[in-house]
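See structure below.
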Amino acid sequence: MNRRDMLRAGAGVSAWLATGATGLPVLANTPASAVLPTGAGGQSRLEMPALPWDVASLEPVISANTVGFHYGKHQRTYLDNLLKLVKGTPLADASLESIMRSTADKPESQAVFNNAAQVWNHTFYWHSLSPKGGGKPPKELTERLERDFGSLEVLKKEFLAAAGSQFGSGWVWLAFDRKAGRIIITKTGNAGSPLTQDQLVPLAALDVWEHAYYLDYQNRRLDYATALYDKLLNWQFVSDNLQKST
Ligand SMILES: [Fe+2]
């Protein structure tokens, strides 16, 4: 059985990572129960969250290779860095969200914030994608999006424009703006996250760091963003988050 056959047989990401097929860290002992994909992507313990789907299930839009490195190397490194930074401090027992909120905009805590937020942002990103995603949003959500953006075409155009115009590394988000009472598109640079902005409720995330797409799309960020939007965007996750925010 080759690697892909194993993945399709449902062996899952942990087993694949444990093979060390690409030199990735062994995560076989990562408890699946560490995943806490609450509506806001909540995670109450500083542990590596599991992916919500099999590592190869986003192919061909995102390869198992990209997911493996992105999750097993990049996100894992953010978590490892965070654990080192908070070890022996009161933050060691805090939730990811509370660490983010207590360190945001504090220059002396920037490294802690960056690593905590990158763990949270990535978990939220994984849940924003689904092998059954893309296509049209559910009816009720479609009506909200049409009200807030004029049409689904305008929404897509603005979302992709945001993805293309984010200078350097960062994220594009669908978020609910409590003050404005509407869904908006917003961008954050580096590890920035709408979770730390009181008036915003994150609904979906698009990672536009190069590591998210370079293995599959090289420098073609817009092709990556378009493919994800059309084929993987988890509208049910958006809808669930919106319902919890209002
Ligand atoms: Fe990333």
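The values are calculated or read from the model by the stated rules, or taken from the named source; none is laboratory data. Everything numeric in this text was worked out from a predicted model, so none of it was measured. As a convention, Cβ positions derive from the backbone with ideal geometry for all residues, glycine included, and neighbour counts pool all protein chains shown.
Determine whether region 164-174 contains at least one residue that is in a strand (DSSP E or B) and farther than 20 Å from Asp240 by Cα. Step through it out loud before you land on a result.
To start, the set of residues in region 164-174 that are in a strand (DSSP E or B) comprises 170-174.
Now drop any that are not farther than 20 Å from Asp240 by Cα, which leaves 170-171.
Looking for residues that are in a strand (DSSP E or B) and farther than 20 Å from Asp240 by Cα, one finds at least one in region 164-174, hence yes.
Would you please name the residue that is modelled with the lowest pLDDT, looking only at residues in region 34-91 that are more than 16 Å from the ligand (Cβ to nearest atom), part of a helix (DSSP H, G or I) and surrounded by fewer than 17 Cβ atoms within 10 Å (Cβ to Cβ)?
Only one residue fits best here, namely Ala34.
For residues in region 119-161 being under 30 Å from Ser95 (Cα atoms) and aliphatic (A, V, I, L, M), which is nearest to the ligand (Cβ to nearest atom)?
Val119
Pull out all pairs, ordered by first then second residue, where Cβ-Cβ is under 6 Å, the residues are six or more apart or on different chains, the first lies in region 168-181 and is in contact (Cβ under 8 Å) with a residue 12 or more places away in the chain, and the second is in a strand (DSSP E or B) and of a type in the set (Ser, Thr, Tyr).
Note: pairs meeting the criteria are Gly170/Thr188; Trp171/Thr188; Trp173/Thr186; Ala175/Thr186.
Give the residues of region 116-132 that are within 17 Å of Leu96 (Cα to Cα) and not hydrophobic (A, V, I, L, M, F, W, C), sorted by residue number.
Matches in region 116-132: Gln118, Asn121, His122, Thr123, Tyr125, His127.
Quickly run through region 134-172 and pick out the residues that are exposed (fewer than 13 other Cβ atoms within 10 Å of the Cβ) and touching a Pro at 6+ places or on another chain (Cβ under 8 Å).
Correct list: empty.
Can you tell me how many residues in region 47-97 are within 13 Å of Val119 (Cβ to Cβ), out of contact with any helix residue (DSSP H, G or I) (no Cβ under 8 Å at 6 or more places or on another chain) and of a type in the set (S, T, N, Q)?
The number of residues fulfilling the criteria is 2.
Does Leu215 satisfy the condition of being surrounded by 21 or more Cβ atoms within 10 Å (Cβ to Cβ) and touching a Phe, Trp or Tyr at 6+ places or on another chain (Cβ under 8 Å)?
no
Does Val172 count as of a type in the set (A, V, I, L, M), within 13 Å of the ligand (Cβ to nearest atom) and in contact with a Gly (Cβ under 8 Å, 6 or more places away or on another chain)?
no
May I ask you to list the residues in region 124-155 that are assigned to a helix (DSSP H, G or I) and under 23 Å from Ser193 (Cβ atoms)?
Phe124, Tyr125, Trp126, His127, Leu141, Arg144, Leu145, Asp148, Phe149, Leu155
Can you spot a residue in region 107-129 that is among the charged types (D, E, K, R) and more than 29 Å from Gly68 (Cα to Cα)?
Yes; the residues of region 107-129 include at least one that is among the charged types (D, E, K, R) and more than 29 Å from Gly68 (Cα to Cα).
Looking at the structure I just gave you, is Ser98 more than 16 Å from the ligand (Cβ to nearest atom), polar (S, T, N, Q) and farther than 30 Å from Leu215 by Cβ?
Here the answer is yes, as Ser98 does meet what is asked.
Please specify each residue of region 107-118 satisfying the condition of being closer than 14 Å to Gly192 by Cβ and either in contact with a His (Cβ under 7 Å, 6 or more places away or on another chain) or more than 13 Å from the ligand (Cβ to nearest atom) (or both).
Those that are closer than 14 Å to Gly192 by Cβ and either in contact with a His (Cβ under 7 Å, 6 or more places away or on another chain) or more than 13 Å from the ligand (Cβ to nearest atom) (or both): Gln110, Phe113, Ala116.
Look through Leu206, Leu215 and report the one residue that is out of contact with any Cys (no Cβ under 9 Å at 6 or more places or on another chain), within 26 Å of Tyr78 (Cβ to Cβ), modelled with pLDDT of 95 or more and not in a helix (DSSP H, G or I).
Criteria check complete, one pass: Leu206.
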